Every structure is written in C-alpha cells, then in structure tokens.
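Inspection log for the structure reproduced underneath, given as structure tokens.
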C-alpha cells in the first residue's frame, strides 16, 4: 500500500487556479481587460512575484495575453472556445470509443469548444501504437490544449512505460486529463485523474448472477492476457457473485487464453467443463461463439454465453448475444462535463463518474423469455 503525503500547494497556484476558474466560467469575458497586478496583489494579499507567476502561467495556457503599454487582457480568440485533445490510441480497435467521442461532440457544453483528433505519425506506416500515441501527446503539449481526454493503451507488456510517459508529459505541461473507460494503473490501483466510465465490478456481478439465476453452476470467465484494468474489475465482480451465491470460486475457471483457435477452446472445455461463459467483452464473446458452434456446441442449450458492452453487432451474431449495455454516448457527454468542471475547480477531489448499465437479454443465455432471477428488473430488458 502506498501512502501519499499531503503537500500544501504554493500560493501562486491558489491565485492561478482562482483566476483560471473565473475566466473559464465567464466572469471575465473574451477581450476584457484583466485586473492589474497591483490590484491582484491587494485582492489575494500576495507578493508581486506570486501574482506575476500566476499571470504568466495564465498566459502560457493561452487564457490571457499581455499587450505592451496597455495591460493584460482575456484572449479574444477564446470566443471560439477551448480546445481539447482526444488521445485514444485504440480508436477503431475497440468499438466503444467512436460513440463516446460522438457523445462528447453532442454534449450541450461542447458547442463553444473544439475537439482535436490529431494526426500522429502521418507518412510513417511502421510506427507502433505506442509511438503514435506519444507523438500525439507531444502535439497536444506543443499546441497547449486546454485538456486531454485519454483512453490508455491496452494489452501492453507489464513493463511498457507508454501510458505513464503520456501522463507524465501532460502533468508536466499542467494539462488536465480526463480518463475514458479505464485507468492506466492495474486494478485496484488508482491514478490521480478523473475517470468516466461504468462500474465494471458491478457489471461483472450482474451478468454472472443472471447466469446463476438461469441454473448455470460452472461458469467460466474468458479474457485474454494483458487486458486493461476494466477486465480485472469485471473478474472481481464475477468472483463476488459466485461467492455470494455459495458457488466455489475455482481459479481454473478464470481463463486468459493466448489463442482463440478452436483447439484452444476445445482444450479449455475439456479441462474445466463449464456450462456457461462470462466474456470480458462482446468481441471475446463473438470469437468464442464462432468456436463453440464450429466444435458442435449448441448455444444456449449446450453452453450459455454472455458478453459486456452491447456493441452494434452484438444482436447480429450467429446467436444474438446477451450482454450489458454500456451507455457510450452518455459517457462521452459526462466526460465533457467533467473536463469543464475540472477546469473550473482544479482543486476538487479526483472522481470516478460511473454510469449505470442495463442487462440486455437476447438468445445466447437461454433466458430471453425467462424470469431474470436475482437481477434488478429495472436494469434488465429484452432486445431482438
């Protein structure tokens, strides 16, 4: 366990934070003349050096500009709003991020602001995901964006420093970060940045409890190595549901397969004899379903399968997938609201903003027309 020592912020940070809050919230309008340093010295009962440092930092963040012989003014180009960087290395690889970004753009608070997608490693087809992410981070730092929405890279080697390097660079530039979907630290560790997503532990609990209510007793959890912290949270919820219902928690039933080839799935089934699978996400469930059908298993009569996320194709799989619906668009909207509040109140405690998920019952669990025993009916619904 690590213990963080409380350190009192320097006086200039207090002055800077208060003035930034007043600019962001509109107390000082674009183009308006800013109070003189002499006035700020009196207001904050601070030294000229302290006030000068705070105003310089406001200038470095493009919030104010100094005009020779005239004074300091709130930047007039702020009428176009703030600019926020999107640093989502797995966009296109993970289905949830496109609707999350759409939600950010659709948020009522986003109308005056700009979302920057960046263009990392253009012309360099051999650049790795890590290299592209670091280059994009450098772009946002050089452009002095007002904040960055960051979805940490997943499936990295344990000793890969990319996510930490990105966070370090943004912190050094004093650019606020809002994490999307997951933290970059392994569960249950928690970084010092706001996180917007879902309660993954509760999600894992609900889908497992749903299978238990349908009569399954040997429920396996399937994922792949080097999964993000969200998967570890879902595994924790899965184990908790088994424990609460008096089902032995067998470590062998939690499987992280290196391969999704049919033979690997066959070997898994022969080794642990599951009667149902909770999959880390819908993509894993889709791959598993293809293998089960190829191996002659009937879904759901021979094997029940559930996923998590409710991506667009979940209802179009060979057997429509029972899954937890992740409200991606609403996550994006909440992320934009959290970023603007963080800018206005930089000293407030770090938050997890977790949105509710609904259990979507389709054919793959065999319970579409059955009572959802043990599941809050308000969070469960059937879909074609």
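Modelled label positions at residue 199 and residue 18, each set 7 Å beyond Cα in the direction of Cβ, lie 3.8 nm from each other. Please find the FRET efficiency linking residue 301 to residue 350, where r is the Cβ-Cβ separation and R0 is fixed at 56 Å, and quote it to the nearest 0.05. About 0.75, to the nearest 0.05. Rounded to the nearest 10 degrees, the angle from helix 162-172 to the longest Cα principal axis of the chain is 20 degrees. When the chain is treated as a GNM with alpha-carbon contacts under 10 Å, the residue of 229, 70, 259 showing the greatest mean-square fluctuation is 70.
The distance between label points at residue 29 and residue 272 comes to 6.3 nm (points 7 Å beyond Cα on the Cα→Cβ vector).
In a fully extended conformation the segment linking residue 76 and residue 98 would gain 4.7 nm over its present Cα-Cα distance, using 0.36 nm per residue.
Restricting to the chain, compute how many DSSP beta bridges are antiparallel as a %, nearest 5.
Details: 8 of 43 bridges.
Antiparallel: roughly 20 percent of the beta bridges in the chain.
The residue 217 and residue 264 beta-carbon pair, evaluated with R₀ = 25 Å, returns a calculated FRET efficiency of approximately 0.60. Seen against the Cα atoms of the chain and their longest principal axis, helix 328-344 is set at about 30 degrees.
Can you give the angle from 0 to 90° between the axis of helix 229-244 and the longest principal axis of the chain, with both taken from C-alpha atoms, to the nearest 10? Here the helix axis deviates by roughly 50 degrees.
Report the label-to-label distance for residue 250 and residue 158 in nanometres (one decimal), using points 7 Å from each Cα along the Cα→Cβ vector. About 2.6 nm, to one decimal. When volume of the Cα convex hull per residue in Å³ is calculated for this entry, the matching label among [x] 166; [y] 149; [z] 177 is [x]. Helices in the chain, meaning DSSP H runs of at least 4 residues, each add -39500 (n - 2.57). Divided by all residues, the mean residue ellipticity at 222 nm is -11500 deg cm²/dmol. Take the Cβ atoms of residue 189 and residue 139, set R0 to 35 Å, and the FRET efficiency comes out at 0.80.
Which order do peptides 157-170, 322-335, 52-65 fall in by mean Cβ count within 10 Å, highest first? Can you show the working numbers first?
On the way: 157-170: 15.0, 322-335: 23.7, 52-65: 18.6.
Ranking, from highest mean packing down: 322-335, 52-65, 157-170.
Just checking the listed ones, 267, 314, 236: in the Gaussian network model of the chain with Cα springs under 10 Å, the one fluctuating most is 267.
Shape call for the stretch 211-321 from the C-alpha gyration tensor, a ≥ b ≥ c root eigenvalues: rounded (a/c under 1.5), prolate (a/b greater than b/c) or oblate? Rounded is the answer for the stretch 211-321, as its axis ratio a/c remains below 1.5.
Quick one: length gained pulling residue 312 to residue 66 fully straight, 0.36 nm per residue minus the C-alpha distance?
Details: separation 246, 0.36 × 246 = 88.56 nm, distance 5.04 nm.
Taking 0.36 nm per residue and subtracting the Cα distance, the gain is 83.5 nm.
How much of the DSSP beta bridge set in the stretch 64-211 is antiparallel, as a percent to the nearest 5? Could the numbers behind the result be given before it?
Details: 4 of 18 bridges.
So the antiparallel bridges amount to about 20 percent of the total.
The stretch 46-100 to the stretch 258-317: how many Å between their Cα centroids? The stretch 46-100 and the stretch 258-317 have Cα centres separated by 47 Å. Of all the options 31, 246, 69, the one that moves most in a Gaussian network model of the chain with Cα springs shorter than 10 angstrom is 69.
FYI, it's all coordinate maths here, none of it is from the lab. A quick note: this is a predicted structure, and the numbers were derived from the prediction, not measured. Note that we place each Cβ from the backbone using ideal geometry, even for glycine, and neighbour counts take in every protein chain shown.
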